[in-house]
Amino acid sequence: MNLALSRQDCRDRAGLASREWLDVNGTGGYASGTVLGPPTRKYHGLLVANLPAPAAGRHVLVTVLEETVELGGVNSSLSAVEFESSSGSAPVLPEHFAAFPVPTWTYRLPGVRVERSVLMLHRRDTVLIRYRFDAAGTALGRLVLGPLLAFRRNHDLARRNPYLNDHAELRADGFCLEPYTGMPPLHFQIAGPRSAQFAPGPEWRQGVFYRVEQERGYPAREDLFRPGVLTVEFGAGDTILAVLSTEPVDDPAAELAEELERRRARHAAARETALRYARNEAEEVLGTALCLSAQTFLVRVPPDRPTVPAGYHWFEDWGRDTLISLPGLVFVSGRLRAGLEVMQTFVDHEKDGRIPNYIGPDGDGAYNSVDAPLWLFWTLQQYLLYGGELRELRRFMPVLKRLLERLAAGSTGDGVYLDRSGLLHSGTPETQLTWMDAVVDGRPVTPRCGFAVEICALWYNALRFACDLAAALGESDYTPPVAPARVAVAFRERFRLPDRAYLADVVGEERQDGSLRPNQILAVSLPHSPLDAREGRGVVDAVRGALLTPRGLRTLAPDAPAYRGRYGGPVRERDFAYHQGTVWPWLLGHFGEAFLKTYGWRHEARQNLRDHLNGWLPHLFEAGVGSVSEVFDGDPPHRPDGCISQAWSVAELIRLFSLIEEGPLQCEF
């Protein structure tokens, strides 16, 4: 697979500064930055570790490695940081960049060609930087490396302080430093044909500037500590390995070889999955990239909890996102057992009829979601559709019953209860329990208390599935809290708008919110729909006409007074736009399934969606290279924003590929 920037792309300094790369270690840690080199976010870091203590969670340990190549009296900087008053020492432009199998840059410098690769070791807080030198002559050059340390939580910024221990202990191949009591040490090692020399020179780089943080309305200046520099000579054909780690690495070359073999196996598995759906080379590239990106989201965070981070760089374990993501991330590729393990993580945190909307690094859950428990039913349905074993779901049946009973009884609080009609009410004017959960000044931006269309659709689907599953498991005497048929009748009575073909978004006791939003697509896409074929087509046509874009579904029709077509700026502005027109890719999976269900699984309908998917290939080179962003502007040209790699964005595009090629999936029962 060739997922690389062109020579022309690499001449565009601004473009390289806006494109970002990512490599992960499988425990929630990562290495990431701009393709150009200077970090633009506080979340960028060459070594970001997900620590169990002293403060659990991701910590940026090393932000960047200052790298200078000296040869023939010419010094060339491969990386640097920015300062607000000036650009600092601008790094040279690469000649080539490739994201896979590992992020790799190629530089053509005076007298030498340098290839630099960055990769993290699997389940280790260790990053390897490999340099290969192809020099024109026999003269020796020098590689000078100076790590810039932050050693702070990923959401914070570091400041110069008197508490940092600046004494580095010299080692045969580098040095070791313990900057703060209770934090892990930093080992910096060099492996190559020649010995490295460490020159202590502790100093602070004050006022390092992160331009994207400023654009997003956050503090954007940080002080980073450099303990000194390591210098190593190189000659023609030499390979040098730099190691940054929280532990000593005995044999970096062997570790590198093992990790590269692991990457080749991952790539082969991703390509195998992609080839099941790809019909040409472009689709193979897209599918393989999506499947490789999917692998970055299946992690085991400390102490050893299987889960899915919702997005890189800043999201952690979100129940709703995880349950929506699992089918595309793992079921499509046949990793059914891995999906069950993650679901068990969230089931183990069930409390009072709620699945946690969020599990923090310390293991505590937040239960501010009404739909997370309902998505569990859908995810289990998908498990069976993709070949899962029925007997594996027996252990989930008690919690499924409990979720339905307690939601119906209103024991969860926050305005969640079963109405006389059988529909599920949720929320109060002060709360926001659905996925459209942005809040400004303590008030929901998109008030949806009452009967929300996708919540009631998920409720109906959950009731139907619980009955089917109970029967399949031999529990023929199971009675749900309300008859599904009664819910279907109430749904159609409450949500159909008298003068329109689509559904109300939220229904109150005496009102219907007729805002055209994408939430109603779930009433068609879910395995059990309360709508008939004609009603379903009306929903699909309305959503397709006003909300569908090349990058997903808008969250509000453009002709609505509250519509905001651009997502960006400070926090307040972004929150006002988050669900008021901003495009979300994850909704494409459900739109595609609804489209195929209502228009039939014919060649024309499938080709229409395939053409849409093919339009995603350019985005792989646009923001997070090789992955899919969290959100896009509602207005053309639909600029990407939010996280550079979002789990449910990636997952639902993969699932859509699967639906297009394999057609409707059937459960054994």
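Assorted remarks:
- Across the range 487-595, Cα-Cα distances exceeding 18 Å account for 49% of all pairs.
- Within the shell defined by Cβ-Cβ distances under 13 Å, the residues around Val482 carry a net charge of +1, with Lys and Arg each +1 and Asp and Glu each -1.
- Principal axis box of the range 65-161, alpha-carbon based, largest edge first, Å: 46, 37, 21
- Using alpha carbons only, the radius of gyration of the range 20-59 set against its Kirkwood radius gives Rg/Rh = 1.02.
- Spin-label model distance (nm) - Glu493 vs Arg402, 7 Å beyond Cα toward Cβ: 3.4
- Quotient of the Cα radius of gyration of the range 4-252 and 2.2 N^0.38 Å, N being its number of residues: 0.95.
- Its Cα centre serving as origin, the chain has a Cβ charge dipole (Lys and Arg +1, Asp and Glu -1) of approximately 780 debye.
- Farthest toward the positive end of the dipole of the chain, out of Leu400, Tyr358, Ala199, is the Cα of Leu400, where the dipole comes from beta carbon charges about the Cα centre.
- Distribution of pairwise C-alpha distances over the range 276-662, 10 Å bins, in %: 5, 24, 36, 27, 7, 0
- Among 267-274, 458-465, 207-214, 385-392, the peptide with the highest mean count of other Cβ atoms within 10 Å heads the list, and the full ranking is 458-465, 207-214, 267-274, 385-392.
- Within the range 103-167: Cβ-based charge dipole about Cα centre, in debye rounded to nearest 20 (Lys, Arg +1; Asp, Glu -1): 100
- For the range 481-556 versus the range 583-616, the gap between their alpha-carbon centres in whole angstrom: 18
- Charge sum, other residues only, whose C-beta stays under 11 Å from Val114's C-beta, Lys/Arg counted +1 and Asp/Glu -1: 0
- Among the chymotrypsin sites (Phe, Trp or Tyr not before Pro) in the range 122-166, those located in a DSSP loop and surrounded by at most 10 other Cβ atoms within 10 Å of their own Cβ are Tyr163.
- Charge tally for Val308 (other residues, Cβ to Cβ under 14 Å; Lys, Arg +1; Asp, Glu -1): -1.
- Of Glu258, Glu341, Glu281, Glu652, the sequence from fewest to most neighbouring Cβ atoms within 10 angstrom is Glu281, Glu258, Glu341, Glu652.
- Anisotropy class of the range 336-482 from Cα gyration tensor, a/c 1.5 cut: oblate
- Once the C-beta distance of Arg534 and His603 is scaled by a Förster radius of 25 Å, the resulting FRET efficiency is 0.60 to the nearest 0.05.
- Given charges at beta-carbon only (K, R positive; D, E negative), |dipole| of the range 276-662 in Debye: 640
- Between the range 207-267 and the range 97-167, the alpha-carbon center distance in angstrom: 4
- Alpha-carbon centroids, the range 346-402 and the range 281-300: separation in whole Å: 25
- Overall Cα dimensions of the range 133-236, principal axis frame, Å, largest first: 51, 33, 19
- Sorted by Cβ neighbour density within 10 Å, fewest at the top, the residues Val24, Val60: Val24, Val60
- By other beta-carbon atoms within 10 Å, ranking Lys401, Lys42, Lys351 with the fewest at the front produces Lys351, Lys401, Lys42.
- Cα gyration tensor category, rounded, prolate or oblate, for the range 1-142 with a/c compared to 1.5: prolate
- For the chain, the average shadow cast by the Cα convex hull is 29.1 nm², which is a quarter of the hull's surface.
- Percentage relative contact order, the chain, counting C-alpha pairs under 8 Å, at least six apart: 11
Since every read-out is calculated from the coordinates, none of them should be taken as a lab result. Keep in mind that this is a model prediction, so the values were computed, not measured. As a convention, Cβ positions derive from the backbone with ideal geometry for all residues, glycine included, and neighbour counts pool all protein chains shown.
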